Every structure is written in structure tokens, then in C-alpha cells.
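Asks: Okay, here's the structure, questions in a sec.
What follows draws every value from the coordinates through simple rules; no lab data is involved. Because the structure is a prediction, the values reported are computed rather than measured. Here the Cβ is made from the backbone with ideal geometry for all residues, glycine too, and neighbour counts use every protein chain on show.
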Amino acid sequence: MHSQRNKDTILQLIQGLIILAILFARPFMGIYIGEFRIGEVLTGVGLAILVVGFIIGNRFINIFGDSDTLLNIFRLIFISFLFVALFHETNFVDPYVYKSSSFIWTLGFFFIGCWYVENKKSYNYFQYLPSILLILLYIFTSIKYPDFFHDILIKYADKFDTHKASEIFLTYIAANLLNKKFLNKNRFIFFLFLSTSLLLPLFFYMSRGATIACLIFFATQLWQLKKVLIGNLKKLLLLLIVSIALFSFSAVNISTDILFQSIKSQNINQEAPVTLVQNSVNKVVNQKNYNGLFSFYFKDGRLFTGEVNANWRLVLWQDVITDMREKELLLVGYGYSEIIPTMLKQDNNGWDGTNENVHNYFIQILARGGAFQMGLFIFFYGYLVFEFYKKNKNFSILEFLIPVMFVSLFDTPMESVRFPLVFYFFLAFFFIRGKAENSI
């Protein structure tokens with residue numbers, strides 16, 4: 001009885017941790033517990049999981065059928081870290097080493113998610129929480145961040161920051177796929193349309209990567225739903241009208257103060273409703289310049305694009321690879337002791353000079369651990385997809401994996417702690433629980 005009670009307590013703690021990570025993101029990870037922040041503690045937990053799993057193997061990680069391959073992948077990733085670190089004569093006492101290699105240690109969160117799913121017999125209200133949290137995130141980001149939470153986080157965290165588009169997008173994906181699994185078709189369709197209509201203007205305003213990923217995910221779901229939608233044209237028409245209205249509301253809310261004057265500001269917009277909506281939509285879309293985004297061209301053997309920020313990323317990635325090739329470091333990377341050399345350039349390290357990440361998940365792994373380590377990470381994700389297909393005869397796990405990876409290829413979420421915590425938790429959930437409902 002005591003064993004079950006302790007297990008239930010741990011399950012509740014994991015569940016609470018995921019909720020807090022979604023709802024408060026970076027500030028929550030910056031809360032101090034003694035001398036260490038929560039994010040640092042969680043990185044240490046992930047490291048400990050991989051070390052213990054490396055030593056005692058399946059006695060610790062015996063979560064699903066054939067776990068030997070997965071365990072060996074993690075062992076190889078751990079060995080690759082040791083090899084690269086020893087090659088570069090790394091000081092293992094230096095905390096920066098574990099900060100710069102956090103993308104390795106956060107892999108331990110995958111097994112936390114696996115253990116949670118294997119031991120949680122009933123999800124009760126949990127499957128609906130991401131949907132509720134998604135609405136709260138929209139309110140926190142575009143209407144008003146509650147003063148009560150703001151004051152607490154300012155007092156106890158090392159830094160206050162609002163949510164990034166990638167974090168909101170991750171919750172959007174998780175919420176919709178959970179609804180697809182647990183709700184009936186009509187409710188899933190309803191939430192899919194309304195959540196996309198509400199959040200798409202926010203993604204337009206905040207991030208090109210999240211916008212494109214959202215549109216890809218939405219289009220993919222529509223394709224799967226085409227028979228249901230075509231068979232209910234009247235309901236579809238009504239849903240489209242509601243969605244357009246919600247999209248317009250969100251665009252106006254994000255670009256003006258007129259809807260929530262009392263809690264945003266006292267600015268009053270006197271434009272006519274139609275003009276107000278039109279101008280608001282134009283503003284949120286043009287906040288991130290999409291002109292020239294796909295106008296790729298080659299010059300002097302290098303790839304460029306006409307959009308400034310996208311071009312900055314392309315140049316940065318090619319600079320990293322070129323420098324590694326010239327220094328013969330493609331196999332072993334730069335290691336974990338120092339900032340990636342290309343990021344020391346003034347144009348690359350951000351407006352405050354603190355950016356160390358190359359804004360691409362796999363290029364970051366390549367730069368730190370070399371081609372072999374990057375290949376192991378790719379093999380890990382490929383193995384999960386292959387195992388999922390063997391068990392379920394479909395690739396529906398890619399509905400979660402591809403959009404999230406797409407966002408990670410153009411930003412830095414996987415180099416944090418809160419994003420991998422939520423990502424690996426839900427990746428484990430969808431992997432262990434099996435495919436999403438495919439009767440649609």
C-alpha cells in the first residue's frame with residue numbers, strides 16, 4: 001500500500017511539473033531551490049537517469065517490449081559525450097559543460113514520460129488540461145499576464161520572461177492530438193478549428209517557424225478529415241464562419257487595445273469595424289516579413305534567401321559547418337567547454353550579446369558533439385517512428401514529431417530545459433499509448 005501511495009505521489013508530482021512548465025515556462029525554470037534553479041535541478045535529474053540507465057540497463061529501464069535497442073542508443077549518446085569531452089580535454093567540474101550539453105541530458109525526460117504513462121492507469125481530467133492551458137497561455141500572452149503570478153515569479157525567479165511562440169505551439173500540438181485521441185470526432189474538429197483560428201494570428205505576429213508549422217499541421221488534419229467535413233457541409237460552413245470571426249477577434253486583440261481597454265490601456269481606436277479588422281490582420285501578418293522567405297539562390301557556392309532573418313540563419317549554419325570543416329572538427333565538434341566560435345561574432349550573438357545557440361537543433365548538436373553524435377540523435381527519432389509503425393501499422397506519431405522538429409530547426413527551444421521537458425513527456429505519451437484515433 002505504501003509503495004502504491006508513493007508511486008501515486010510521484011505521478012502527481014510529474015503531472016504538476018508538466019503543468020507548471022507549460023503555464024510558466026522560463027520563469028518557473030528560474031526559481032531557486034537553495035543554490036540551484038529548477039531548470040538546473042531538472043538537467044541534473046536527466047543526467048542521473050541516463051547514467052543509471054547506462055550502468056544497470058533494463059533493470060532500470062524496462063518500459064516496453066524490446067527496449068535493448070533504445071537503451072543502447074542512449075548508451076552510445078552518453079559514450080559520444082565522454083569521447084568528445086575527453087578529446088577536447090574537458091574539465092568535468094565546470095558547470096558550463098553540462099549547460100552546453102543539456103540537449104543530451106534532457107533526453108532523460110523521455111523515460112520520465114514513459115514511466116508516467118506505464119504507471120498511470122486513469123487520466124481522468126489530465127487529457128483535457130493542455131487544452132485549458134492553451135487558452136490560458138493565449139490570455140497570458142496577448143491580453144494580460146496575471147499580476148499575482150508576475151509578482152511571485154519576479155520575486156523568486158532569476159528572470160521573468162513571457163512565453164515564446166515555440167512553447168505555445170508545442171502546447172497547441174499536444175492539446176489537439178490528445179483531443180484527437182480521447183474526444184469524439186465532432187469535438188476534436190471543433191477544437192482544432194477554434195484553437196487554430198485563435199492562435200494563428202499570434203503565431204503570425206511572433207514567429208514564422210511556428211506559423212508555417214501550424215499551417216502544415218492544420219492542413220494535414222484537414223486532409224485526414226476531408227470525408228467527414230465534406231459529408232457535413234452545413235456544419236463546416238458554420239464552423240468556418242465562427243473560425244473567421246475568432247481569427248478576426250484575435251488579430252484585433254493582438255494588434256490593438258480596443259477589446260480589453262480596461263486591462264491593457266486606455267487607447268481607443270475609432271476605425272470602422274471592417275477597416276479595423278483588415279488593418280489588424282495586415283499588421284499581425286506583416287510583423288514578421290515573409291517576403292523573399294522562399295527565394296533561395298546560390299552565390300559563390302553558398303545558399304542564400306531574400307528574407308533577412310532567414311538569410312541570417314542560413315549564413316550562420318553554413319559558417320559553422322565551414323569553420324568545422326576547415327578545423328577538421330566535423331566528426332568530434334567543438335566540444336562543450338567554450339562558446340561555438342561563430343557565435344562570438346557581433347552579428348550572431350544577439351542584441352544583448354548572450355546568444356550561444358545556432359537556431360537549429362541538429363546543427364547545434366553537430367557543432368557540439370560532431371557528426372556521429374548528431375547521427376545518433378537522428379537514429380533515436382527514426383527508431384521511435386519505426387517501432388511505432390511496427391506496433392500500430394501507421395506513422396501517426398509523425399503528426400507530433402514533424403511539426404515540433406520543424407520549429408526546432410529554426411529556433412532554440414531544444415537548448416532550453418522547459419521545452420524538452422514537455423516535448424519528451426508527450427513524445428513518450430504518444431509513443432507508449434499508441435496511435436491517435438484513426439477512425440476519422
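Asks: Restricted to Cα positions, what overall size does the chain have along the principal axes? Three whole-Å values, descending.
Replies: 67, 62, 47
Asks: Pop the C-beta distance of residue 93 and residue 338 into the FRET formula with R0 = 22 Å and round what comes out to the nearest 0.05. Numbers along the way, then the final one.
Replies: Details: r = 15 Å, r/R0 = 0.70.
Calculated transfer efficiency: 0.90.
Asks: Given q = 0.15, 0.18, 0.22, 0.27 Å⁻¹, what are the Debye log10 I(q)/I(0) values for the range 66-143, with equal point scatterers placed on the Cα positions and solvent ignored?
Replies: -0.80, -0.89, -1.02, -1.24
Asks: Run down the lysines and flag those whose C-alpha is under 16 Å from the C-alpha of residue 391, throwing out any fewer than 8 positions away in its chain.
Replies: 435
Asks: For the peptides 184-191, 370-377, what is the packing order when you average, over each peptide's residues, the other Cβ atoms within 10 Å and list the highest mean first?
Replies: Highest mean packing first, the order is 370-377, 184-191.
Asks: Here's another thing I want to ask about it. So what is log10(I(q)/I(0)) for the range 289-328 at q = 0.17, 0.34 1/Å, when the Debye sum runs over its Cα atoms only?
Replies: One equal scatterer on each Cα of the range 289-328 leads to -0.46, -1.09.
Asks: Moving to a separate point now. Under unit Cβ charges (Lys, Arg +1; Asp, Glu -1), what dipole magnitude, rounded to 20 debye, does the chain have relative to its Cα centre?
Replies: Details: 38 positive and 30 negative charges, 382 e Å.
In debye, rounded to 20, the chain gives about 1840.
Asks: Using only alpha-carbon positions, what ratio does the radius of gyration of the range 168-235 give when scaled by 2.2 N^0.38 Å?
Replies: Its radius of gyration relative to the 2.2 N^0.38 Å reference: 1.11.
Asks: Calculated from DSSP H runs of 4 or more alone, at -39500 (n - 2.57) each and per residue, what is the 222 nm mean residue ellipticity of the chain, nearest 500?
Replies: Details: 18 runs with 296 residues, N = 440.
Taking each H run of at least 4 residues, the total per residue is -22500 deg cm²/dmol.
Asks: Sorted from largest to smallest, which semi-axis lengths in Å does the alpha carbon gyration tensor of the range 373-435 give for its equivalent ellipsoid, taking the root of 5 times each eigenvalue?
Replies: Details: eigenvalues 85, 35, 22 Å².
Gyration-tensor ellipsoid for the range 373-435: 21, 13, 10 Å.
Asks: Also: How much length would be gained if the chain were fully extended between residue 299 and residue 125, taking 0.36 nm per residue of separation minus their Cα-Cα distance, in nm to one decimal? Don't skip to the end; give the middle numbers.
Replies: Values: separation 174, 0.36 × 174 = 62.64 nm, distance 5.50 nm.
Contour length minus Cα-Cα distance gives 57.1 nm.
Asks: Suppose R0 equals 25 Å; then what is the FRET efficiency for residue 405 and residue 86 from their Cβ-Cβ distance, rounded to the nearest 0.05?
Replies: 0.25
Asks: Could you compute Rg(Cα) / (2.2 N^0.38 Å) for the range 294-440, with N its residue count?
Replies: 1.20
Asks: Still on this model: What is the projected area of the convex hull of the Cα atoms of the range 6-164, averaged over all directions, in nm²?
Replies: Values: hull surface 46.5 nm².
Projected area, direction-averaged: 11.6 nm².
Asks: Still on this structure, please answer the following. Which translational diffusion coefficient, to the nearest whole µm²/s, is obtained for the range 115-196 from the Stokes-Einstein equation, given a Kirkwood hydrodynamic radius over C-alpha pairs, 20 °C and 1.002 mPa s? Could the numbers behind the result be given before it?
Replies: Working: Rh = 14.5 Å.
Rounded, D is 147 µm²/s.
Asks: Among the listed pairs 180/226; 185/226; 144/164; 185/393; 99/164, which are separated by more than 18 Å between their Cα atoms? Mind showing how you got there, number by number?
Replies: Working: 180/226 15 Å; 185/226 12 Å; 144/164 15 Å; 185/393 21 Å; 99/164 20 Å.
In this structure, 185/393; 99/164 lie more than 18 Å apart at Cα.
Asks: Given the peptides 226-237, 43-54, 103-114, arrange them by the average over their residues of other C-beta atoms within 10 Å, most packed first. List each step's numbers first, then the result.
Replies: Values: 226-237: 11.8, 43-54: 18.4, 103-114: 23.2.
Result, highest mean Cβ count within 10 Å first: 103-114, 43-54, 226-237.
Asks: Here's a follow-up. For the range 125-288, what is the Kirkwood hydrodynamic radius in Å, using each pair of distinct C-alpha atoms? If you can, show how the numbers build up before the last one.
Replies: Details: mean 1/r = 0.0584 Å⁻¹.
After inverting the pairwise mean of 1/r, the radius is 17.1 Å.
Asks: Within the range 371-413, what residues put their amide N at less than 20 Å from the label point 7 Å along the Cα-to-Cβ vector of residue 318?
Replies: Zone members listed by number: 409-411.
Asks: Now, a different point. Show me, for the range 18-27, the HN-Hα J-couplings you get by feeding each phi into the Karplus relation (A = 6.51, B = -1.76, C = 1.60, θ = phi - 60°), rounded to Hz, glycine and proline as x.
Replies: Karplus values, whole Hz, x for Gly and Pro: 5, 4, 5, 5, 5, 6, 10, 6, 4, x.
Asks: Once the Cβ-Cβ distance between residue 237 and residue 187 is put in as r, and R0 is 22 Å, what FRET efficiency do you end up with, to the nearest 0.05?
Replies: On the way: r = 18 Å, r/R0 = 0.84.
Efficiency at R0 = 22 Å is approximately 0.75.
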